[in-house]
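The values are calculated or read from the model by the stated rules, or taken from the named source; none is laboratory data. Fair warning: this is a prediction, and the values are worked out from it, not measured in the lab. Positions of Cβ are generated from backbone atoms using ideal geometry, with glycine treated the same way; all protein chains shown enter the neighbour counts.
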Amino acid sequence: MTVVRMEEKVLNENQRIALDLRRRFQENQVLCLNLVSSPGSGKTTLLESTLASFRPEERVAVLTGDLQTENDARRLMRYGFPVQQIVTGGVCHLDGKMIERALGKWSLADLDILFIENVGNLVCPSSYDLGEESKIVLLSVTEGEDKPLKYPSMFHKASLLVLTKIDLLPYVPFDIDAARANARSVHPEMEILEVSCSTGKGMDAWLAWLRKRRATTGMLTVER
Amino acid sequence: MHEVGIASSILEASLAETARRPGARLVSIGVRVGVLSGVDADALQFAFECLVADTDERNVAFSVETCPRVNRCEQCGHEFDSPSNAPFTDAPCPQCQCRQTRFVSGDQLDLKFIEVEEP
């Protein structure tokens with residue numbers, strides 16, 4: 001019997017594609033952000049409000065993933081920026097190959113920011129690197145404040161937590177301080193923002209976060 | 001939820017390595033799964049068994065090593081496993097009680113080894 005040491009990542013093939021995507025994003029100075037959350041936390045709504053606040057000449061695009069339907073793409077297309085729906089047909093996450101395929105139609109040199117709206121799911125998307133600069137996790141105040149403890153893998157990997165629907169705080173038992181503490185216990189360095197897309201509260205801070213991230217991307221040196 | 005896809009990636013890589021050795025037969029597979037990998041060890045085991053059930057690989061042994069979250073204390077440098085009753089959160093350093101700790105590992109999803117029988 002021969003034991004063969006493998007010592008490789010199980011998702012080797014996805015990792016290879018993700019590294020290639022990351023190199024392409026860096027070479028073209030594109031800030032790629034991977035938005036993840038449970039279904040219904042407000043990823044599409046946050047993107048709608050974000051796109052609505054951009055000037056038409058901004059170089060922004062969105063890839064949005066769902067198991068079925070083109071509904072999200074239709075919602076996002078109204079703002080005049082390039083949008084593509086990725087229908088996974090039952091697959092519970094986006095993977096590197098899906099992103100690579102979708103990007104085939106676009107020139108990265110024409111983009112400054114690429115948003116990827118992942119499939120609503122706090123489990124599986126955490127295992128698949130898409131070449132993004134950061135994962136952003138959304139948690140709405142109509143969910144439980146213990147989500148970071150229940151789904152630690154995702155909250156551990158995301159660099160920013162956006163607490164959404166904060167206009168509903170007076171009507172729900174959500175303990176926002178506990179939510180923050182839970183997120184930080186899983187990921188001490190996590191940045192946290194609070195946003196309501198209905199009232200616009202917190203949108204300025206979110207847009208400032210984007211601008212700051214975008215500025216740092218421009219200064220990144222490309223690893224070859 | 002996505003353990004079937006992961007099990008099939010593991011099987012694929014193992015069979016590819018076996019195929020590089022003329023006449024070899026795959027006997028066992030060893031993987032390493034961290035508590036923060038987003039993959040459940042039992043579900044992965046179950047997915048693998050279902051995947052190979054009616055194939056030539058049905059007798060391949062599949063072993064999963066579960067890895068804890070490991071943190072390093074910023075003050076005294078001590079490396080420690082997070083307690084099993086709170087495997088995901090940042091526990092204080094058991095040596096100096098300092099709360100400034102840094103994540104070291106716990107998100108592994110690795111194919112460790114395969115065992116093959118060669119002619």
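Some values worked out for this structure:
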| read-out | value |
| --- | --- |
| Filtered residues of the range A:13-41 (kept if surrounded by 15 or more Cβ atoms within 10 Å (Cβ to Cβ), over 22 Å from A:ASP66 (Cβ atoms) and within 14 Å of another protein chain (Cβ to nearest Cβ)) | A:GLU13, A:GLN15 |
| A:GLU100 vs. criteria farther than 19 Å from A:LYS43 by Cα, touching a Phe, Trp or Tyr at 6+ places or on another chain (Cβ under 9 Å) and either within 14 Å of chain B (Cβ to nearest Cβ) or not aliphatic (A, V, I, L, M) (or both) | no |
| Qualifying residue in the range A:138-149 (condition: crowded, with 16+ Cβ neighbours inside 10 Å, more than 13 Å from every other protein chain (Cβ to nearest Cβ), assigned to a strand (DSSP E or B) and hydrophobic (A, V, I, L, M, F, W, C)) | yes |
| Tally of residues being assigned to a helix (DSSP H, G or I) and of a type in the set (A, V, I, L, M) across the range A:58-94 | 3 |
| Selection from the range A:194-224 of residues that are surrounded by 12 or more Cβ atoms within 10 Å (Cβ to Cβ), part of a loop (DSSP other than H, G, I, E, B) and at pLDDT 90 or above | A:VAL195, A:SER196, A:CYS197, A:SER198, A:GLY200, A:LYS201, A:GLY202 |
| Among the candidates B:VAL39, B:VAL52, B:VAL33, residue that is more than 8 Å from every other protein chain (Cβ to nearest Cβ), in contact (Cβ under 8 Å) with a residue 12 or more places away in the chain and within 24 Å of A:ASP129 (Cβ to Cβ) | B:VAL33 |
| Answer residue from the range A:161-193, given it is over 22 Å from the mean Cα position of the chain (by Cα) and assigned to a loop (DSSP other than H, G, I, E, B) and is surrounded by the most Cβ atoms within 10 Å (Cβ to Cβ) among those | A:PHE174 |
| Search result, residues across the range A:73-106 that are among the charged types (D, E, K, R) and closer than 27 Å to A:GLU13 by Cβ | A:ASP95, A:LYS97, A:GLU100, A:ARG101, A:LYS105 |
| Selection count where residues are within 7 Å of chain A (Cβ to nearest Cβ) and at pLDDT 90 or above, scope the range B:70-119 | 10 |
| Residue check for A:PHE25: over 25 Å from A:THR142 (Cα atoms), touching a strand residue (DSSP E or B) at 6+ places or on another chain (Cβ under 7 Å), modelled with pLDDT of 95 or more and in a loop (DSSP other than H, G, I, E, B) | no |
| Of residues in the range A:117-137 being small (Gly, Ala, Ser) and part of a helix (DSSP H, G or I), the one modelled with the lowest pLDDT | A:SER127 |
| Hits in the range B:95-109 (condition: of a type in the set (S, T, N, Q), surrounded by fewer than 18 Cβ atoms within 10 Å (Cβ to Cβ) and in contact (Cβ under 8 Å) with a residue 12 or more places away in the chain) | B:GLN95, B:GLN100, B:SER105 |
| Qualifying residue in the range A:106-114 (condition: part of a strand (DSSP E or B), in contact with a helix residue (DSSP H, G or I) (Cβ under 7 Å, 6 or more places away or on another chain) and either away from chain B (no Cβ under 14 Å) or touching a residue at least 40 places away in the same chain (Cβ under 8 Å) (or both)) | yes |
| Given (1) buried (at least 21 other Cβ atoms within 10 Å of the Cβ); (2) of a type in the set (S, T, N, Q); (3) within 14 Å of chain B (Cβ to nearest Cβ), number of the condition A:THR88 does not satisfy | (1) |
| Residues (in contact with a Phe, Trp or Tyr (Cβ under 7 Å, 6 or more places away or on another chain) and among the basic types (Lys, Arg)) located in the range A:1-42 | A:ARG5 |
| Residue in the range A:81-93 that is aromatic (Phe, Trp, Tyr), in contact with a helix residue (DSSP H, G or I) (Cβ under 7 Å, 6 or more places away or on another chain) and in contact (Cβ under 8 Å) with a residue 60 or more places away in the chain present | no |
| Residue within the range B:14-35 that is within 19 Å of the chain's Cα centre (by Cα), surrounded by 15 or more Cβ atoms within 10 Å (Cβ to Cβ), in a loop (DSSP other than H, G, I, E, B) and of a type outside the set (Asp, Glu) present | yes |
